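Dumping the structure here so I can ask a few things about it.
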Amino acid sequence: MPKQIILAAHFPGVNNTTVWSDPASGSQIDFASFVHLARTAERGLFDFFFLAEGLRLREQRGRIHDLDVVGRPDTLTVLAALAAVTTHLGLAGTLNATFREPYELARQLATLDHLSGGRAAWNVVTTSDSFTGENFRRGGFMDRSLRYERAAEFVRTARELWESWAADALAGDRDSGRYLTAPDPGAFIHHGDQFDIAGHFTVPRSPQLHPVILQAGDSPDGREFAASSADAIFSRHGTLEAGQEFYRDVKSRLARHGREPDDLKIIPGVTVVLGDTDAEAQEKAHHIRRQQVSPQTAILLLEQLWNRDLSGHDPEGPLPATDPDVSADAISRGRAGMYPDPVATARQWRALAEEKGLGIRDLIIEVTGRQSFIGTPRQVAERMNHFVQADAADGFILVPHLTPGGLDEFVDRVVPLLQERGVFRTRYAGTTLREHLGLGAARPVSAVAAPR
Amino acid sequence: MPDTTLHLAAALDGLGWHPAAWRLSRADPTAPLSSRWWAALAGEAERAALDLVTLEDSLDLQSTAPDGPDGHTDQLRGRLDALLVAARIAPLTQHIGLVPTTSVTHTEPFHVSTAVATLDHVSGGRAGWRPRVSARRSEARHFGRRNLPALDPAHLDAPETVRLVGDLFTEAGDAVEVVRRLWDSWQDDAEIRDVATGRFVDRDRLHYIDFAGRWFSVKGPSIVPRPPQGQPVVAALAHSAVPYAFAARHADVVFVTPADAGHAAAVVAEVRAVEETVGRTGPPLRILADLLVLLDETPTLARRRRGRLDDLATTDVGSDAAAFTGTPGQLADLIQEWHRAGVDGFRLRPAVLPDDLTAVTRALVPTLRDRGLFRAGYPDGTLRALLGLSRPANRYAAATA
Ligand SMILES: Cc1cc2nc3c(=O)[nH]c(=O)nc-3n(C[C@H](O)[C@H](O)[C@H](O)COP(=O)(O)O)c2cc1C
């Protein structure tokens, strides 16, 4: 039996992927937009719906970035509301572990799991910069090197809280008057480096016991955290070779944590452009890329690598001759850093621009492209399936470029072809997200290795 | 701007406010863990055109003890996050206001602000919010960030206690101030989608709130555009001078707990005086009196049911609000009397759910309507409009205009 493909829908968000200038682009705030995308995903029998998160408006050169979609509603609140208008679709929220506390977040996630009948998921992200911290009581309180320590202990603490009510804690016996089987439900004590808390959790066990844990973050620490603690990874490795390498690396880390390769799903974020012919799809993709990377956006994206004010540069002209400034504070804030070694990346970009004769904008279009699947529905279905069967991924988080209709065509035209090939479900077999993802029951926290 | 319409709210919690409610309720004892339960209750309240429902919450387990758990096994324990419950039922209702409680002592004002703003977006302008102070050490221990001294309910006027409570309410005031500034941090027309210049927003219509206080500072702007109501409705529960002042400074609605009509008049006078003292601007507080209600067709049936509940309970009702036991007609009399004493409306706490809620919606409300005291349905509009509150101007837009 071929591997089954996981599919998730990313609500188009705050980045230059989302083309807001298109006449078909609707509101990114109105609840109706969320309902449309979620219902489309559920019509397509997707595993889950996915929301990203940013906790401070992005800035560049000290000013609020105004070229991309700005503004998004609160993740957990939207997901709880979506639980009312969907029945099977998983509901995954990106929630920063640095600017939240385990007691509160564990309670919100357990609540979402109850309110959705077992469909909650948490994408654990770890931004710790003081720029974001300026919106919180905490402030920028934590060194970057500690953020995965906090995240791992956070997830472990959350699991302890989720398990703090015994499975049979609720007797609810009207005749005898026993509501509880024991007097101290939800009792917990957690003493650790990051959290030193004790008391009683308020939420009885939720349908999944542990909401599904996703991780996004690519460093070795991030991968190790995922291998120890996550059920799935949201990766950004969109090519076959890079995908396979990442897949091998991450899955090989699992045994050390007493886990099987199948316990951690790899789900890259990808985009899809469809056409009736390959040429039409390529043409459409080209047009979308030029909308995504306007001349102004091209300069701003270049600045993010160069870390210098490049506003004087011609977007159609050559790359700057100077190297990126690695000594200064980041010119771009509120955005996850994409380039571990800016100087090396700049050299690659320069070489590429020279080789292909590209100006700044075309170079940016080329190097920031994540249009992974372009073609006819048949070609796309085939390539996606190949990608999964060749162990470059276990499935995909589809990132449409339009709100909220960006997945309509995929669901109508590609999903049936994946079903024909027997690699995608034709109905939901289970009710919980764990069941959709083939994850099996939650692993009790006692079976997860404690942090050092 | 006199507001003569009677406002009616239902306070939803567990299976009702009586500690033995779950013994007599027809509902499954674990129903409050399911969304169906909350949707059904909100739908019931909406069919009677109540202004709003409130959802109780706390950052620790229900308890009859002043601090920490009480070891009881015979009472309902465990509950869900109220704000998420409100969001879950928002798409299933159309008119009724949804007012969850959240603690402001241990939470991040930024998160609370975006969550309530989002509740307003997903409900089309029906969000309210009841900020609540967490004074219990048991709650503080769940966060491990600060130590609170034990609060002895028998000595609330001890100087340390007065200082502590004062600080907690001042901090809560800062939290509400931050939340409100964040709601205004986007002007209504900040999203411009100007294709010609490639700009999605006009950054001059986005504002840093630059709040710096004793306990925290917050930069802003919000990540959520200004909610439909501009400012969702803020409600505070208050029993005494310090919380009255908190409400007068920071809230739109105050829930109070008078013992009788005379006391209601005194409470209203005190609240109005405090509004004066703190220099409240904008419309006067909507004052809603809290009442725990147990209703039945005859006074005897009501008393008998009350007696059964009291017998089943191993603790006192211990209600901060006056408890009413009687017929819907008798309750209508009381409501009329207290309304004349100056309260703008009532927040009714059903003793047993759903029974005492359906008695309110199906018997009390028609009686009030017959007497010309209550609306027949919903006018179009937001929760603010329903409460007779206009949509506030944006403080930053005003400053830059
Ligand atoms: C595909 C992907 C999606 C991400 N989405 C978010 C997001 O929505 N919000 C956020 O704050 N961080 C997001 N991140 C950032 C990561 O959580 C992390 O902070 C960042 O990748 C740096 O961690 P690393 O050094 O382990 O890569 C994302 C990362 C990846 C790879």
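Taking only the C-alpha atoms, wrap a convex hull around the stretch A:279-368 and report its volume per residue in Å³ as a whole number. Could the numbers behind the result be given before it?
Numbers: hull volume 9.5 nm³, N = 90.
Convex hull of Cα atoms, per residue: 106 Å³.
Next question, about the same structure. Across the stretch B:200-209, in residue order, what do the Karplus-derived ³J(HN,Hα) couplings come to in whole Hz, using 6.51 cos²θ - 1.76 cosθ + 1.60 with θ = phi - 60° and x for Gly and Pro?
Karplus values, whole Hz, x for Gly and Pro: 7, 10, 9, 5, 6, 9, 10, 10, 5, 8.
Ok, one more. What is the mean number of Cβ atoms from other protein chains located within 10 Å of the Cβ atom of each residue in peptide A:137-149, rounded to a whole number?
Numbers: counts 11, 3, 3, 0, 0, 0, 0, 0, 0, 0, 0, 0, 0.
Shielding by partners across A:137-149 averages 1.
Give me the distance in nm between label points sitting 7 Å out from Cα along the Cα-to-Cβ direction at residue A:428 and residue A:193, one decimal.
Distance between label points: 4.0 nm.
Amide H neighbours of residue A:190 under 5 Å, counting only residues 5+ apart in sequence or on other chains, H built in-plane at 1.01 Å?
A:197, A:198
Follow-up question, since we're still on this one. Once the mean 1/r over all distinct Cα pairs of the stretch B:183-229 is inverted, what Kirkwood radius in angstroms do you read off?
On the way: mean 1/r = 0.0850 Å⁻¹.
Computed over Cα pairs of the stretch B:183-229, the Kirkwood hydrodynamic radius comes out at 11.8 Å.
On C-alpha positions alone, give me the angle between the axis of helix B:35-47 and the longest principal axis of chain B, in degrees, nearest 10.
90 degrees
Please report the antiparallel percentage of DSSP beta bridges with both residues in chain A, rounded to the nearest 5. Kindly include the intermediate steps, with their values, before the conclusion.
Values: 11 of 43 bridges.
Percent antiparallel among DSSP bridges in chain A is about 25.
What does the charge dipole of the protein assembly as shown about its Cα centre add up to, to the nearest 20 debye, if the Cβ of each Lys and Arg holds +1 and the Cβ of each Asp and Glu holds -1?
On the way: 93 positive and 109 negative charges, 118 e Å.
In debye, rounded to 20, the protein assembly as shown gives about 560.
Given a 1.4 angstrom probe, I'd like the percentage of the accessible area of the stretch A:279-368 that is carbon and sulfur, rounded to a whole number.
On the way: 2390 of 4690 Å².
Carbon plus sulfur share of accessible area: 51 percent.
Taking the Cα centre of the stretch A:201-331 as the origin and placing charges on Cβ (Lys, Arg +1; Asp, Glu -1), which of A:296, A:235, A:319 is farthest toward the positive end of the dipole?
A:235
Quick one: plug the Kirkwood hydrodynamic radius of chain A (C-alpha pairs) into Stokes-Einstein at 37 °C, 0.692 mPa s, and report D in µm²/s. Could the numbers behind the result be given before it?
Numbers: Rh = 23.2 Å.
It comes out at roughly 142 µm²/s.
From the convex hull of the Cα coordinates of the stretch A:85-172, what is the mean projected area in square nanometres? Intermediate results must be reported in sequence, preceding the final value.
Working: hull surface 29.1 nm².
For the stretch A:85-172, the mean projected area of the Cα convex hull comes to 7.3 nm².
Search the structure for amide H atoms under 5 Å from the amide H of residue A:117, placed 1.01 Å from N in the peptide plane, and list their residues when 5 or more places away or on another chain.
none
Sticking with this one: Can you give the calculated 222 nm mean residue ellipticity of the protein assembly as shown, where each DSSP H run of n ≥ 4 adds -39,500 (n - 2.57) and the sum is split over every residue, rounded to the nearest 500 deg cm²/dmol?
Numbers: 29 runs with 304 residues, N = 853.
When only DSSP H runs of four or more count, the value is -10500 deg cm²/dmol.
Cα axis of helix B:328-340 to longest principal axis of chain B: angle in degrees, 0 to 90, nearest 10?
50 degrees
What number, in nm² with one decimal, is the all-direction average of the projected area of the convex hull of the alpha-carbon atoms of chain B? Before the final figure, lay out the partial values.
Values: hull surface 82.1 nm².
Over every viewing direction, the Cα hull of chain B projects on average to 20.5 nm².
Charges at C-beta only: +1 for Lys and Arg, -1 for Asp and Glu. How large is the resulting dipole of chain B about its Cα centre, in Debye rounded to 20? Spell out each step's value before the answer.
Details: 44 positive and 50 negative charges, 125 e Å.
Dipole about the Cα centre, nearest 20: 600 debye.
May I ask for log10 I(q)/I(0) of the stretch B:152-275 at q = 0.09, 0.13, 0.16 Å⁻¹, from a Debye sum over the Cα atoms as equal point scatterers with solvent left out?
-0.39, -0.69, -0.89
What is the pair-distance distribution P(r) of the protein assembly as shown, computed from all Cα-Cα distances in 10 Å bins starting at 0, with each bin given as a whole percent?
2, 12, 22, 25, 19, 11, 6, 2, 0, 0
Continuing with the same structure: Average the reciprocal distances over every distinct pair of alpha-carbons in the stretch A:355-403, invert the result, and give the Kirkwood radius in Å. Could you put the intermediate results ahead of the total?
Numbers: mean 1/r = 0.0767 Å⁻¹.
It works out to 13.0 Å.
I want to check the label-to-label distance for residue A:240 and residue A:30. Put each point 7 Å from Cα in the C-beta direction and report it in nm to one decimal.
4.2 nm
Using only the alpha-carbon atoms, how far is helix B:241-250 inclined from the longest principal axis of chain B? Give it as 0 to 90 degrees, nearest 10.
That helix lies at roughly 40 degrees to the long axis.
Dipole of chain A, Cα-centred, from +1 at each Lys and Arg C-beta and -1 at each Asp and Glu C-beta, to the nearest 20 debye?
For this selection, approximately 540 debye.
Under 28 Å between alpha carbons, and skipping anything fewer than 8 positions from residue A:265 in its own chain: which lysines qualify?
A:3, A:251
Something else: Sorted from largest down, what three extents in whole angstroms do the Cα atoms of the stretch B:303-347 have along their principal axes?
37, 22, 12
5 Å is the cut-off here: which amide hydrogens, built 1.01 Å from N in the peptide plane, fall below it relative to residue A:165, excluding neighbours closer than 5 in sequence?
HN-HN under 5 Å from residue A:165: A:186, A:205.
Measure out, as a whole number of angstrom, how far apart the alpha-carbon centroids of the stretch B:205-279 and the stretch A:169-236 sit.
Each part's Cα centre sits 35 Å from the other's.
With unit charges on the beta carbon (Lys/Arg positive, Asp/Glu negative), name the residue among A:161, B:367, A:125 whose Cα is farthest towards the positive pole of the charge dipole of the protein assembly as shown.
Of the listed residues, the answer is B:367.
Rounded to the nearest whole Å², what accessible area per residue is found for the protein assembly as shown with the 1.4 Å probe?
On the way: 31260 Å² over 853 residues.
Normalised by residue count, the accessible surface of the protein assembly as shown is 37 Å².
I'd like to know which of B:117, B:48, A:328 lies farthest towards the positive end of the charge dipole of the protein assembly as shown, counting +1 on Cβ of Lys and Arg and -1 on Cβ of Asp and Glu.
Most positive-ward Cα: B:48.
The values are calculated or read from the model by the stated rules, or taken from the named source; none is laboratory data. What you see is a predicted model, and the numbers here were worked out from it, not measured in a lab. All Cβ positions, glycine included, derive from the backbone under ideal geometry; neighbour counts span all protein chains shown. The accessibility values were calculated without ligands, DNA or RNA, using every heavy atom of the protein model including side chains. Shrake-Rupley method; radii C 1.70, N 1.55, O 1.52, S 1.80 Å.
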